[in-house]
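The values are calculated or read from the model by the stated rules, or taken from the named source; none is laboratory data. The model shown is predicted, which means the values in this text are computed figures rather than measured ones. Please note: Cβ atoms are built from the backbone with ideal geometry, for glycine as well, and neighbour counts cover all protein chains shown.
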Amino acid sequence: MRLSNATLTRLSGEVARPLYDRSQLTAGIVHLGIGAFHRAHQAAMVDDRLNAGETGWGIIAASLRSPDTAAALNPQDGLYTLAVRDGAGTRLRVVGSILDVIVASDARERLLSAMTNPAVRIVSLTVTEKGYCHDPATGDLNPDHPGIVADLAAPATPGTAPGMIVEALARRRAAGSAPFAVLCCDNLPANGATVRRVVSQLARLRDPGLGAFVAAEVAFPATMVDRIVPATTDADRQMVSAGLGLDDAWPVMTEPFCQWVIEDHFPAGRPHWEAAGAEFVSDVSIYEMMKLRLLNGTHSTMAYLGQLAGLETVADTIRTPVFTRFIRAMMDEEITPTLRAFAPGKLDPYKDALMARYANPALRHRTAQIAMDGSQKVPQRLLGTVRDRLAEGAPIDRLALAVAGFLRFMTGTGENGAPLQVNDPMAAAFRVAAEGAGANGVGRTGEHATALAGKLVDSMLTISAVFGDLAGEPRFRAAVTAALARLYRDGALASLGD
């Protein structure tokens, strides 16, 4: 029997469940990019507020690409299980905040209609970095992005997240309805300001008046989000179904830790998320930089070097002694000095918590999952820190090894010569660069490591959308080339040193 409204009463008594009448909910939020992270983070916090009686904040969620989430959740009336796991065990909770999942490509007009409903006061997003159709090196809209070109040609039938937001805002403006707040929950630098820039630039290309309206009248509060959410496996589904006494087609696995820092700028109102654990602040940027550089930067480092070393999960990686020492030293010696907004010592508890979270034995967070979309992530997670360190004349040895690991990973071949799974929107450009350097299919190499590394750095650093001005920085090139040569000659584990 499957999880649904009709079967909620059959749940095992130990499973937490909605305390409210779901038939009495109304939608106050449309969320673009329904995925595991949103369901473990924002949707769970909305569920907390629905339990507290704020029934006007149900979520209409939209999938912009795959229909899989809708196919899993809609037969369950939007219900799903959140499984919180650590060394002490697993706690199951059924979340009821999602009222409907729309597949945008199949029901675009229904999604736009929901976004133009005056009762919807927030449109939130988790579409990943690549979903904003921008240039990661500059933060500006990429007007040549195929999706943006298509949206400008047919603005009433948009296919991208920025295009849908602009079209919905244009319709609300024409109808005299107040605009919704646009709440980005993705890892973008200054995400509120960045999304404001991207959306207003697209609106301006459509109509200068609309662009001015978006820039002046629409709220884009900044946020910082943090929770580790591994991909759900078939074994996870079986475990959850056994615990529920019902089948759940797509439960979500997560850790106990959850953080949400938000700029409090919601002209049309918002849920009382602070009562659910969110923190409202006037300046999110220092928290965002802390998380991007310490958590996301070291996550990507472990992903690329871990993949090269044949380590499947973050827990496997951080429990390898050379990785434990390397990651903590990278945090302490190369990243922390760039976080000057925090008083000395204030970051130590956060770093301690990160190391413990990484080692959580119950979370099988795959390094291959974190390694996806690196061309969109690396500029924010690693290269900003590199620029700050170079500006101070400070060493970048560990950061350079992380970047070298990314370059080596993007060739698509591991240390043993076996293929790596490269899932990235710029995979073709990196593949061509690797071919130009003669690095395709190359595993470990000895005497030719330095020459190969130099050719690969020369070739890949020409991808300006990722590396920008760093391509012309001799200290960066030299450090990355030396690190890449070590990876080819000695392998990832030996390159980490002691």
Of these, 52, 71, 62, which one is at pLDDT 95 or above, assigned by TED's automatic domain parsing to the domain that holds residue 117 and within 15 Å of residue 27 (Cα to Cα)? 62
Residues within segment 101-118 that are under 23 Å from the mean Cα position of the chain (by Cα) and either over 26 Å from residue 176 (Cβ atoms) or not assigned by TED's automatic domain parsing to the domain that holds residue 147 (or both), tallied: 3
Filter pass, residue 404 being at pLDDT 95 or above, of a type outside the set (S, T, N, Q) and either surrounded by 23 or more Cβ atoms within 10 Å (Cβ to Cβ) or assigned by TED's automatic domain parsing to the domain that holds residue 138 (or both): yes
Tell me, please, whether a residue that is under 25 Å from residue 129 (Cβ atoms), free of Cβ contacts under 8 Å to residues at least 40 places away in the same chain, touching a Lys or Arg at 6+ places or on another chain (Cβ under 6 Å) and buried (at least 21 other Cβ atoms within 10 Å of the Cβ) can be found in segment 308-322. no
Inspect all residues belonging to segment 120-139 and state whether any of them is buried (at least 16 other Cβ atoms within 10 Å of the Cβ), more than 19 Å from the chain's Cα centre (by Cα) and part of a loop (DSSP other than H, G, I, E, B). yes
Filter segment 325-350 for residues that are over 21 Å from residue 403 (Cβ atoms) and assigned to a helix (DSSP H, G or I) and give the result. 348, 349, 350
Taking strands (runs of 3 or more DSSP E) that fall entirely within segment 64-115, which contain at least 1 residues that are over 19 Å from residue 239 (Cα atoms)? 98-103
Under 8 Å by Cβ, and 6 or more places apart or on different chains, what pairs join a residue from segment 235-253 that is in the same structural domain as residue 75 (by TED's automatic domain parsing) with one that is assigned to a loop (DSSP other than H, G, I, E, B) and among the charged types (D, E, K, R)? 237/248; 240/248; 241/248; 243/14
Could you list, in sequence order, the residues of segment 417-467 that are of a type in the set (S, T, N, Q) and either surrounded by 19 or more Cβ atoms within 10 Å (Cβ to Cβ) or assigned to a helix (DSSP H, G or I) (or both)? 450, 459, 464
